[in-house]
């Protein structure tokens, strides 16, 4: 299977917009989607949401240890090296800040929150993937109630993302603000999340300009919305074009999960007119986030792959709004078992069933997997030599910790 993926990676990345691969779901594409979904899940698994921690709002794990700490090294042929951590300002307006700070009352840094990472396929990973993949993963929110309550912002011009020529394109005000806002007084957010990612992507494209390169962007929920903006931004401004191959841009693909609607029909038209840009949107039938904001002017984008977690014999039926939106319990479990877009459910790929309950209680009790089992040992409390306990739930990188 790995050999198949390396040989047909362009098709799996949407060269033909996944024609003929979705129903029934191609076995290699299934593993491909699960691979990128797991990289999106890593943004949740490393995020420090412990409200009593002075590091709440950042990554628990140092960049050099990220993938080993979140369980993506053992038995995984797709090897990556994280090269950049992404931060967004938490001083964006009151109306938008809930999205960034919804997981913690206080950020570890009063003006910043950790929002994801940029990684690059290692030499070993390149062999398995068939090319040098530059990966961007964006973090989403967890508390669905906050999303439903507050995700109703107006549309604003998208010229920053798609270029001034596209005067008719508009995007979601709150998501755009998170993507483009900066705080000059902040150590981590003195440039916007957008500028941080674009600078790193350009750097990596230039470094590997003599190789086959791809840019893949992934995220869930808010992270999916940010992934959509990021993918369009990269292609619209030519950041996927190596300096020595001006007529040979590398493909940009976004695999998004539980993505809300991020722009209007003008944005959709601009997106669909871009060569070398492909978006696969994985949706769970009962999840309402894909229909938010509930405003007529908004349009859904990308090629749709529909799963239905309610059809799984492994999960509690029918579930609830939170479990239907959960990345592991609904989306990745659904991709692992769906027979085709909107079709039945079976054991289509060998995947650890315990992952379903990482941050949920969706799995039936007979499987004997504790609910929400993913947490640091003793919640990060470490005993000192004198017998006293102290909270140490953050690993520091050498240098500036990015």
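The values are calculated or read from the model by the stated rules, or taken from the named source; none is laboratory data. Quick caveat: nothing in here was measured; it's all calculated off a predicted structure. Methodologically, a virtual Cβ is constructed for each residue, glycine included, from the backbone with ideal geometry; neighbour enumeration extends over all protein chains shown.
Set side by side, the residues 294, 286 differ, and just one is more than 18 Å from the chain's Cα centre (by Cα), in a loop (DSSP other than H, G, I, E, B), closer than 15 Å to residue 259 by Cα and modelled with pLDDT of 95 or more, which is 286. Given the structure, is residue 307 buried (at least 18 other Cβ atoms within 10 Å of the Cβ), touching a residue at least 12 places away in the same chain (Cβ under 8 Å) and either closer than 30 Å to residue 237 by Cα or within 21 Å of the chain's Cα centre (by Cα) (or both)? Spelling it out, residue 307 is indeed buried (at least 18 other Cβ atoms within 10 Å of the Cβ), touching a residue at least 12 places away in the same chain (Cβ under 8 Å) and either closer than 30 Å to residue 237 by Cα or within 21 Å of the chain's Cα centre (by Cα) (or both). From the set of residues in the stretch 261-283 that are touching a residue at least 60 places away in the same chain (Cβ under 8 Å) and not in a helix (DSSP H, G or I), which is farthest from the chain's Cα centre (by Cα)? Across the stretch 261-283, the extreme among qualifying residues is 264. Somewhere in the stretch 340-347, is a residue surrounded by fewer than 24 Cβ atoms within 10 Å (Cβ to Cβ), in contact (Cβ under 8 Å) with a residue 24 or more places away in the chain, on the phi < 0 side of the Ramachandran plot and touching a helix residue (DSSP H, G or I) at 6+ places or on another chain (Cβ under 6 Å)? Within the stretch 340-347 (the criterion being surrounded by fewer than 24 Cβ atoms within 10 Å (Cβ to Cβ), in contact (Cβ under 8 Å) with a residue 24 or more places away in the chain, on the phi < 0 side of the Ramachandran plot and touching a helix residue (DSSP H, G or I) at 6+ places or on another chain (Cβ under 6 Å)), the answer is yes, since at least one residue qualifies.
Scanning the stretch 52-83 for residues that are farther than 14 Å from residue 376 by Cα, touching a strand residue (DSSP E or B) at 6+ places or on another chain (Cβ under 6 Å), modelled with pLDDT of 95 or more and buried (at least 19 other Cβ atoms within 10 Å of the Cβ) yields 63, 80, 82. Could you list all residues from the stretch 193-218 that are touching a strand residue (DSSP E or B) at 6+ places or on another chain (Cβ under 9 Å) and part of a helix (DSSP H, G or I)? Hits for the stretch 193-218 are 193, 196, 197, 199, 200, 201, 203, 204, 205, 207. Restricting the stretch 25-49 to residues that are out of contact with any strand residue (DSSP E or B) (no Cβ under 8 Å at 6 or more places or on another chain) and in a loop (DSSP other than H, G, I, E, B), the residue that is modelled with the highest pLDDT is 26. Among the residues of this structure, residue 322 counts as one that is in contact with a helix residue (DSSP H, G or I) (Cβ under 8 Å, 6 or more places away or on another chain), touching a residue at least 24 places away in the same chain (Cβ under 8 Å) and either surrounded by 15 or more Cβ atoms within 10 Å (Cβ to Cβ) or not in a strand (DSSP E or B) (or both). Here's a check for you: in the stretch 245-260, which residue that is modelled with pLDDT of 95 or more and in a loop (DSSP other than H, G, I, E, B) is farthest from residue 34 (Cα to Cα)? Here the answer is 249. A single member of 14, 37, 20 is more than 30 Å from residue 111 (Cβ to Cβ) and under 15 Å from the mean Cα position of the chain (by Cα), and it is 37. When the stretch 123-160 is filtered for residues that are in a helix (DSSP H, G or I) and modelled with pLDDT of 95 or more, the ones remaining, listed by number, are 123, 124, 125, 126, 127, 128, 129. Can we say residue 174 is touching a strand residue (DSSP E or B) at 6+ places or on another chain (Cβ under 6 Å), on the phi < 0 side of the Ramachandran plot and surrounded by 19 or more Cβ atoms within 10 Å (Cβ to Cβ)? So residue 174 fails the test.
Determine whether the stretch 365-388 contains at least one residue that is part of a loop (DSSP other than H, G, I, E, B), modelled with pLDDT of 95 or more and closer than 16 Å to residue 334 by Cα. No.
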